[in-house]
1. Would you list the strands (runs of 3 or more DSSP E) that sit entirely within the range 181-234 and hold 1 or more residues that are under 25 Å from Asp338 (Cβ atoms), in contact (Cβ under 8 Å) with a residue 40 or more places away in the chain and small (Gly, Ala, Ser)?
2. Does Lys402 meet the test of being in contact (Cβ under 8 Å) with a residue 60 or more places away in the chain and not in a helix (DSSP H, G or I)?
3. What's the number of the only condition in (1) within 14 Å of the ligand (Cβ to nearest atom); (2) within 15 Å of the chain's Cα centre (by Cα); (3) of a type outside the set (Asp, Glu) that Gly325 fails to meet?
4. Report, by residue number, each residue of the range 276-294 that is farther than 24 Å from Thr39 by Cα and outside any loop (DSSP other than H, G, I, E, B).
5. Ser15 is checked against (1) assigned by TED's automatic domain parsing to the domain that holds Asp153; (2) surrounded by 24 or more Cβ atoms within 10 Å (Cβ to Cβ); (3) of a type in the set (S, T, N, Q) and fails just one. What number does that condition carry?
6. Please specify each residue of the range 157-173 satisfying the condition of being at negative phi, surrounded by fewer than 19 Cβ atoms within 10 Å (Cβ to Cβ) and at pLDDT below 95.
7. Just give me the residues in the range 330-359 being out of contact with any helix residue (DSSP H, G or I) (no Cβ under 7 Å at 6 or more places or on another chain), more than 21 Å from Thr297 (Cβ to Cβ) and not small (Gly, Ala, Ser), in sequence order.
8. Taking the options Ile280, Ile302, Ile309, Ile365, name whichever one is at pLDDT 95 or above, assigned by TED's automatic domain parsing to the domain that holds Leu179, within 14 Å of the ligand (Cβ to nearest atom) and over 28 Å from Asp148 (Cβ atoms).
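The values are calculated or read from the model by the stated rules, or taken from the named source; none is laboratory data. Keep in mind the model is a prediction, meaning the values are calculated, not measured. Methodologically, a virtual Cβ is constructed for each residue, glycine included, from the backbone with ideal geometry; neighbour enumeration extends over all protein chains shown.
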Amino acid sequence: MKVIVLGAGIVGITSAYQLAKAGHEVTVVDRQPGPALETSFANAGEVSFGYCSPWAGPGIPMKALKWLFMEHAPLILRPKIDAAMISWMLKMLSNCTSKRYAINKSRMLRLADYSRISLAAMREETGIAYDERMQGTLQLFRTEAQLDASAKDVKALASDGIPYEVLDPDGCIRVEPALKHVREKIVGGLLTPKDETGDCFKFSSALAAKAAELRVRFNYGSIIRGLDVDGGRVRGVITAHGQLKADAVVVALGSFSPLLVRPHSIHLPVYPVKGYSLTIPIIDEARAPVSTVMDETFKIAITRLGDRIRVGGMAEISGYTNDLGEPRRLTLQHSVTDLFPGGDVSKASFWSGLRPMTPDGTPVIGATKVAGLYLNTGHGTLGWTMSSGSARVIADLVSGRKPDIDAADLAIARYA
Ligand SMILES: Cc1cc2nc3c(=O)[nH]c(=O)nc-3n(C[C@H](O)[C@H](O)[C@H](O)COP(=O)(O)OP(=O)(O)OC[C@H]3O[C@@H](n4cnc5c(N)ncnc54)[C@H](O)[C@@H]3O)c2cc1C
């Protein structure tokens with residue numbers, strides 16, 4: 001089959017690779033000059049199969065109110081008269097119950113665990129290097145209240161069979177030796193040892209090259225204007241450079257996916273939630289992390305990527321804007337220098353990206369009511385983590401094969 005993949009972020013590139021492996025003739029279209037130059041460019045680098053939770057959960061509305069007024073706030077809200085923003089926020093609130101949290105978390109863990117297996121298989125077959133490490137995620141608690149609140153995550157990890165360790169401060173230092181310099185700031189931690197880290201941009205670029213070896217074509221610098229749909233079936237894609245024909249189209253446009261499908265009455269509840277990152281060269285190894293530390297107070301992830309530290313976080317609900325504000329930079333800088341002052345922040349590069357967030361935290365993967373049109377999008381906070389499994393699921397669905405995991409509740413039909 002001729003398949004067009006729209007978007008060359010981590011989700012589009014992994015999808016194209018798996019579709020080519022399944023024997024399809026694949027073309028990837030993206031407006032950027034190369035792969036992973038938007039949200040997949042400088043994310044926090046966590047491949048966190050265990051530390052994998054929806055943002056919507058019980059108690060979050062109250063916590064969110066508190067966060068809004070905190071110094072170094074993890075949440076920034078710039079309300080607009082925007083029907084999509086309001087509708088998305090209401091849907092997010094409706095997912096903040098214990099029951100919804102348990103369903104959403106278990107679904108995310110299922111996909112994340114499958115991604116762990118799929119990423120390992122891809123690494124094995126391609127030999128790609130991407131500053132990867134397999135040393136786990138340490139969720140770091142600075143207060144007793146944070147430690148107590150982690151009990152519900154521990155319960156979910158236990159019931160899903162995901163390995164974890166609850167650690168005291170000495171245990172945290174055993175895992176991340178540089179924390180010995182700030183022992184007095186730590187109350188405890190939750191380690192998910194199967195988690196990994198790695199540079200999403202490096203991985204995407206290397207995998208795109210492997211996909212090209214499988215004859216995947218890349219139309220970079222090409223703005224997608226619309227879908228060619230006729231008689232309830234997709235026929236191809238309309239780009240600024242002309243029309244492309246296809247038997248199947250996979251939409252992997254991240255936060256921009258809903259804009260493309262809306263004219264075809266497909267209401268995809270994906271909204272951009274902006275985050276920021278700093279990438280800092282390491283000057284003192286002894287004061288740098290060895291893997292990912294998730295600072296629960298500021299909701300900021302601090303990750304080792306080769307000879308750099310990547311610090312990423314914050315959730316800003318302000319629509320489709322990529323501007324960089326100095327206060328956000330200072331928040332990231334504060335969190336990393338407070339725990340790991342082993343980097344040269346004067347040489348840091350500052351970046352922002354738009355997380356394609358669904359209200360329930362799970363991506364939308366599967367067929368739509370338009371024949372031949374598929375979605376693989378809405379990976380939100382965990383697109384790097386969940387992309388490898390999502391790609392195999394979508395390649396199976398497009399090929400008419402049964403995916404290895406239950407994928408029925410990943411499709412857009414769950415919002416019906
Ligand atoms: C600060 C931050 C930290 C994060 N940390 C992590 C983490 O530690 N672990 C993790 O798993 N995830 C993390 N994420 C989330 C992860 O980065 C995203 O979920 C993931 O990158 C989404 O990938 P994508 O391919 O769906 O979207 P994108 O990477 O945005 O790709 C979409 C592509 O579509 C193209 N496109 C869009 N519209 C058009 C159009 N009209 N015409 C042509 N091309 C178009 C864009 O150019 C882009 O290349 C983080 C995100 C942020 C912002």
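1. Numbers: elements: 188-192, 217-219, 224-230.
The strands (runs of 3 or more DSSP E) meeting that bar are 188-192.
2. no
3. The failed condition is (2).
4. Glu285, Ala286, Arg287
5. It is condition (1) that Ser15 fails.
6. Ala158, Ser159, Asp160, Pro163
7. Listed by number, the residues that qualify are Asp344, Lys347, Trp351.
8. Ile309
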